[in-house]
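First comes the structure, then the notes that go with it.
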Amino acid sequence: MNARGERLAEIFSRIWADSFGRAGLVLLTLIIGISILGPIIFPFDPREVATSASKIFAPPTAQHWLGTDEMGRDIFRSTLAGARISLLVGITASAISIVIGAFVGLFSGYYHGLFSNLLMRVTDFFLALPVTPLIIVLASVFGQNLLITIMVIGMTSWPSTARIVRSLVLSIRARQFVERVRAIGASDARILCVHILPNVMPLIYANTVLVIAGSVLAEATLAFLGLGDPVRVSWGTMLHYAFVSGAAGRGVWWYLLPPGIGIVLLVLGFTLVGNTLDKILNPRLREF
Amino acid sequence: MADLMTIDELSVHYERRRMGGCGRKVRAVDGVSLSIRRGEILSVVGESGCGKTTMGKAILNITRATSGRIIYDGIDLAKISGAELRAMRRKFQMIYQDPYESLDPRQSIYDTLLEPLLIHRRDLSSVQKRDLVMSHLEAVGLRPAEMIAARYPHHLSGGQRQRVAIAAAIILEPDFIVADEPVSMLDVSVRSEILKLMLDLQKDKDLTYMFITHDLSLAWMISHRIAVFYLGRMVEIGGTEEVVHRSTHPYTNALVSVIPTVGKKMRGERHILAGETPSASEIPGGCRFHTRCWLYHDEGEPEICRNSEPELAEVADGHMAACHFKLIPSRDQQAVFDVAERLSKPAPTLNPLGL
Ligand SMILES: Nc1ncnc2c1ncn2[C@@H]1O[C@H](COP(=O)(O)OP(=O)(O)OP(=O)(O)O)[C@@H](O)[C@H]1O
Ligand code: SF4
Ligand SMILES: [Mg+2]
């Protein structure tokens with residue numbers, strides 16, 4: 001445990017040493033910090049709507065730091081609350097995606113057989129499909145609910161993970177140390193768990209961070225199109241309401257910018273950290 | 001000495017698929033029969049690509065043989081179940097050429113040595129396993145064992161890694177070890193240490209080695225018997241002194257003639273092999289060596305060499321060679337031919353009795 005802690009600390013310090021990685025870490029720390037602490041310090045109550053017309057689309061004031069929306073709700077507070085939802089969806093959807101992707105990749109890379117080929121066909125099929133329209137179709141079929149959003153994103157974004165895990169497994173499987181332990185009498189389960197998985201983990205770690213970036217973006221897209229959960233408002237949902245209520249036409253920039261910038265910074269943060277992590281953990285992949 | 005392992009007509013063919021279609025068959029090992037005696041060091045010698053590694057792996061059931069039988073200690077390895085084979089694997093081990101590739105980079109040295117025990121020695125307590133790991137690290141000269149055990153392969157030098165690989169191979173107390181060019185990737189300075197270690201272990205633990213090498217002079221130094229391979233076939237086998245000093249196959253003879261200390265003593269010319277080794281996917285018909293055989297040339301390119309593949313035939317006790325024209329073994333290695341073989345030929349160019 002201690003050694004693992006040390007290794008984690010070392011990885012953090014190496015991300016920090018990279019200027020892109022450092023920028024990403026700062027962004028993520030900031031946004032995650034905000035999403036945890038923000039709603040506690042500045043709780044958001046969606047039922048707290050305007051009582052007078054002057055409170056609708058009101059520009060930033062001392063009372064409402066980022067102005068108000070079409071219902072007169074405080075945009076600063078709803079932005080803080082939205083960060084939580086965006087992050088939550090991004091992380092949980094990625095967890096689903098990574099678990100499926102890693103399993104499919106490990107299995108289809110290690111075993112050769114009917115089932116394994118079938119898995120690879122399914123992966124290729126999903127990879128060839130345009131994912132965004134697919135997600136939109138699925139989300140509109142299954143309804144607007146946070147859990148549905150998470151499932152839909154998680155179930156559609158695993159193929160790229162499966163593919164890269166598979167190709168790494170194929171190359172590790174062919175290495176001599178795998179042959180040597182097989183010659184000693186190691187079972188397939190042992191080879192997979194003890195020798196292949198640990199050698200694939202670094203790739204999975206780096207990939208996870210990158211997949212979160214993609215999931216955050218996918219959630220924003222869905223929500224922006226009005227397929228988000230209307231109760232648990234994410235940044236994408238905020239953007240959706242901003243457009244639907246005509247905020248853009250009226251020049252209500254304080255409604256559009258906070259969630260918009262939030263999404264960009266969040267995606268950027270995960271991408272920067274993910275790429276740096278990939279560079280550190282999988283140095284050989286850098287050349288390609 | 002009793003036979004530990006008998007290989008009967010072993011072949012390993014690969015289907016090498018070309019882009020776009022028709023596969024070519026690579027005959028990496030092509031009908032090899034051979035017995036390995038308990039307690040001996042049998043060297044397998046031959047040029048790169050002649051199928052030495054493939055044969056070693058096929059014998060240990062790492063590579064699937066296309067045909068042939070492998071009988072280990074009376075048990076036909078093809079006839080036992082997968083689980084039985086896995087259980088038997090502790091009896092035979094392989095040491096690989098490249099110690100940088102044969103150890104898992106994410107496994108500590110301790111775990112690397114522990115792994116065989118976890119698989120086969122569930123009967124031992126964890127303290128006993130630990131003691132075994134430590135004592136084997138010391139046995140291969142990795143001291144202090146405690147310190148080395150905590151390291152990872154990338155902390156160690158090539159020679160140290162090869163010692164780890166050796167320790168991992170002997171920790172289950174196997175009978176038989178295939179060592180595939182175990183020193184060829186190492187610094188010249190550590191080669192002799194590793195060889196000495198392997199030879200010491202062989203004596204101490206009563207091991208049988210199949211020692212694969214492309215270096216005939218190395219084989220000559222360490223082995224009891226030598227088997228010479230050419231393009232997937234065994235062309236000569238016999239006791240070390242027999243093969244080196246009374247080589248009977250023109251290929252062996254050419255290999256011997258370039259060993260400095262032996263070659264010098266040979267009165268005849270040195271036989272430098274002409275041309276490239278043909279590819280294992282395009283093995284010449286007849287005697288597969290005829291495209292490069294100096295004797296075939298000297299003999300005036302006889303038809304028989306092109307048309308029929310010579311079988312191994314005994315030339316002396318336990319010494320066999322596969323050539324239509326037996327070189328009568330003589331100390332000075334002059335090319336002298338079997339009279340009977342040559343009856344149908346024009347007047348001999350050499351003194352038939354060689355005396
Ligand atoms: N997996 C494989 N698929 C196809 N061909 C193979 C495979 N493994 C080996 N070969 C071919 O089989 C032949 C024998 O190879 P092998 O590695 O056994 O030779 P070797 O005597 O060990 O050579 P070296 O001294 O270079 O190690 C070669 O022509 C090689 O290209
Ligand atoms: S059979 Fe002919 S070609 Fe083959 S080794 Fe003997 S002399 Fe050479
Ligand atoms: Mg080899």
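The values are calculated or read from the model by the stated rules, or taken from the named source; none is laboratory data. All values reported here derive from a predicted model rather than from experimental measurement. Positions of Cβ are generated from backbone atoms using ideal geometry, with glycine treated the same way; all protein chains shown enter the neighbour counts.
Worth a mention:
- Restricting the stretch B:40-66 to residues that are in a loop (DSSP other than H, G, I, E, B), of a type outside the set (Gly, Ala, Ser) and on the phi < 0 side of the Ramachandran plot, the residue that is farthest from ligand 1 (Cβ to nearest atom) is B:Glu40.
- Matching option when the condition is away from ligand 1 (no atom under 16 Å from the Cβ), of a type in the set (Lys, Arg), surrounded by fewer than 22 Cβ atoms within 10 Å (Cβ to Cβ) and farther than 30 Å from B:Leu216 by Cβ, among B:Arg106, B:Arg37: B:Arg106
- Flag if A:Leu197 is out of contact with any His (no Cβ under 7 Å at 6 or more places or on another chain) and within 11 Å of chain B (Cβ to nearest Cβ): yes
- Extreme residue, nearest to ligand 2 (Cβ to nearest atom), among residues of the stretch B:158-190 that are among the acidic types (Asp, Glu) and more than 14 Å from chain A (Cβ to nearest Cβ): B:Asp175
- Selected residue (only one of B:Ser189, B:Ser184 is within 16 Å of ligand 3 (Cβ to nearest atom) and either at pLDDT below 95 or under 19 Å from B:Gln107 (Cα atoms) (or both)): B:Ser184
- Residues being within 19 Å of the chain's Cα centre (by Cα) and within 14 Å of chain B (Cβ to nearest Cβ) - total across the stretch A:200-229: 5
- Members of the stretch A:231-265 found to be within 20 Å of the chain's Cα centre (by Cα) and not in a helix (DSSP H, G or I), listed by number: A:Arg232, A:Val233, A:Ser234
- When we screen B:Leu124, B:Leu114 for residues that are at pLDDT below 95 and touching a helix residue (DSSP H, G or I) at 6+ places or on another chain (Cβ under 8 Å), the only hit is B:Leu124.
- Sole residue being buried (at least 19 other Cβ atoms within 10 Å of the Cβ) and either under 28 Å from the mean Cα position of the chain (by Cα) or of a type in the set (Lys, Arg) (or both), chosen from B:Val140, B:Val133: B:Val140
- B:Tyr96 being among the aromatic types (Phe, Trp, Tyr) and in contact with a Pro (Cβ under 8 Å, 6 or more places away or on another chain): yes
- Options A:Ala174, A:Ala183: the member that is at negative phi and more than 7 Å from chain B (Cβ to nearest Cβ): A:Ala174
- Members of the stretch B:40-80 found to be of a type in the set (Lys, Arg) and buried (at least 17 other Cβ atoms within 10 Å of the Cβ), listed by number: B:Lys52, B:Lys57
- Test: residue in the stretch B:72-83 that is of a type in the set (Lys, Arg) and either touching a helix residue (DSSP H, G or I) at 6+ places or on another chain (Cβ under 7 Å) or within 11 Å of ligand 1 (Cβ to nearest atom) (or both): no
- Within the stretch A:53-70, being surrounded by fewer than 17 Cβ atoms within 10 Å (Cβ to Cβ) and in contact (Cβ under 8 Å) with a residue 24 or more places away in the chain holds for A:Pro59, A:Pro60.
- Residue check for B:Ala219: in the same structural domain as B:Leu312 (by TED's automatic domain parsing), touching a residue at least 24 places away in the same chain (Cβ under 8 Å) and away from ligand 2 (no atom under 16 Å from the Cβ): no
- Condition check for B:Leu231: over 21 Å from B:Ile148 (Cβ atoms), crowded, with 22+ Cβ neighbours inside 10 Å, away from chain A (no Cβ under 14 Å) and within 16 Å of ligand 3 (Cβ to nearest atom): yes
- Any pair with Cβ under 7 angstrom, 6 or more apart, that starts in the stretch B:178-196 at a residue that is in the same structural domain as B:Lys57 (by TED's automatic domain parsing) and surrounded by fewer than 21 Cβ atoms within 10 Å (Cβ to Cβ) and ends at one that is in a loop (DSSP other than H, G, I, E, B) and hydrophobic (A, V, I, L, M, F, W, C): B:Arg191/B:Val183; B:Leu195/B:Val183
- Members of the stretch B:105-157 that are among the small types (Gly, Ala, Ser), away from chain A (no Cβ under 14 Å) and out of contact with any Phe, Trp or Tyr (no Cβ under 6 Å at 6 or more places or on another chain): B:Ser125, B:Ser126, B:Ser135, B:Ala139, B:Gly141, B:Ala145, B:Ser157
- Residue within the stretch B:285-294 that is at pLDDT below 90, of a type in the set (D, E, K, R) and within 16 Å of ligand 1 (Cβ to nearest atom) present: no
- Among the residues making up the stretch B:88-104, those that are more than 8 Å from every other protein chain (Cβ to nearest Cβ) and assigned to a loop (DSSP other than H, G, I, E, B) are B:Gln97, B:Pro99, B:Tyr100.
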